[in-house]
Amino acid sequence: MPSIQLEINTGKLSGEGVITAQKKLSQLENVFEDEATRASMDQEQLIYEVQAFMPVEEGKEGGLYFGNSTIFPGKVNEEYFMTRGHFHAKLDTAEYYWCIQGKGALILMDENGKTWLEEMTPGSVHYIPGKIAHRVANTGEEKLVFNACWPSEAGHDYGTIEKEGFGARLKDIEGTPTLVATKNE
Ligand code: PAN
Ligand code: ZN
């Protein structure tokens with residue numbers, strides 16, 4: 001079994017089998033409410049980076065995956081840089097997130113569209129129950145770094161969020177991160 005290293009101060013993973021993927025603004029079409037502003041910004045801007053260690057085949061039951069996500073600071077108009085967000089494809093599978101560095105919000109949504117958030121600060125631990133969509137926004141001035149652990153059978157359903165979105169968006173309203181309900185809620 002390969003072994004990996006977690007850099008304790010930065011949450012970064014290294015070792016055999018760790019994969020890294022980056023999301024630039026160019027890859028996040030229609031993720032932010034103000035698509036015209038997103039399209040007018042620097043498309044090379046890195047929004048987030050994800051590392052994952054997946055020691056068993058994807059979809060296999062009983063295994064666990066381990067990840068590190070870094071979201072860079074910034075906004076598209078009033079909306080903070082954030083992940084795409086997803087339900088798990090095997091809907092009733094849970095996940096842990098824990099914050100290493102920075103300041104942010106874990107945005108959660110149930111199947112009825114009810115949307116709420118948990119604040120992320122270094123050391124905060126977040127249990128995301130099954131059937132709950134999850135997305136993270138960086139509300140601070142520095143990088144937001146968190147680790148995650150999720151079941152190998154979970155998979156990712158991005159399509160539902162692409163089609164229906166979350167019930168609310170996290171915006172900087174006069175300097176305060178505020179959940180603003182979307183029209184289709
Ligand atoms: C995380 C997320 C990661 C990136 O590892 O996949 O933070 O967010 P998106 O996948 O929504 O782009 C996780 O929740 N895994 O299940
Ligand atoms: Zn997940």
* **Nearest-20 debye value, the range 102-164 charge dipole, Cβ charges on Lys, Arg, Asp, Glu** => 80 debye
* Asked: Between MET82, ILE173, GLY102, whose Cα lies farthest towards the positive end of the dipole of the chain when Lys and Arg beta carbons carry +1 and Asp and Glu beta carbons carry -1, centred on the Cα centre?
  -> GLY102
* Asked: Can you list the HN-Hα couplings for the range 11-20, worked out from phi with the Karplus curve (6.51, -1.76, 1.60; θ = phi - 60°), rounded to whole Hz and with x for Gly and Pro?
  -> x, 5, 9, 9, x, 5, x, 7, 10, 10
* To do: Starting from the Cα-Cα distance between ASP110 and TYR158, subtract it from 0.36 nm times their residue separation and give me the gain in nm to one decimal.
  => 15.8 nm
* What does the charge add up to near HIS88, with Lys and Arg as +1, Asp and Glu as -1, over the other residues with Cβ less than 14 Å from its Cβ? -> -4
* Equivalent-ellipsoid semi-axes of the range 1-128, from the Cα gyration tensor, Å, largest first -> 26, 19, 16
* To do: For the range 8-133, give the magnitude of the charge dipole about the Cα centre (Cβ charges: +1 Lys/Arg, -1 Asp/Glu; no others), in debye to the nearest 20.
  => 240 debye
* Structure fact -> If the chain between GLU35 and THR178 were fully extended at 0.36 nm per residue, the gain over the current Cα-Cα distance would be 49.5 nm
* With respect to the cross-link table entries LYS24/LYS131; LYS75/LYS103; LYS12/LYS103, which display a Cα-Cα separation exceeding 21 Å? -> LYS24/LYS131
* **222 nm mean residue ellipticity, helices alone, for the chain (DSSP H n ≥ 4; -39,500 (n - 2.57); rounded to 500)** => -1500 deg cm²/dmol
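Only the coordinates and a few stated rules stand behind these numbers; no lab work does. All figures in this text were calculated on a predicted structure; none of them were measured in a lab. Heads up, the Cβs are rebuilt from the backbone with ideal geometry, glycines too, and the neighbour counts pull from every protein chain shown.
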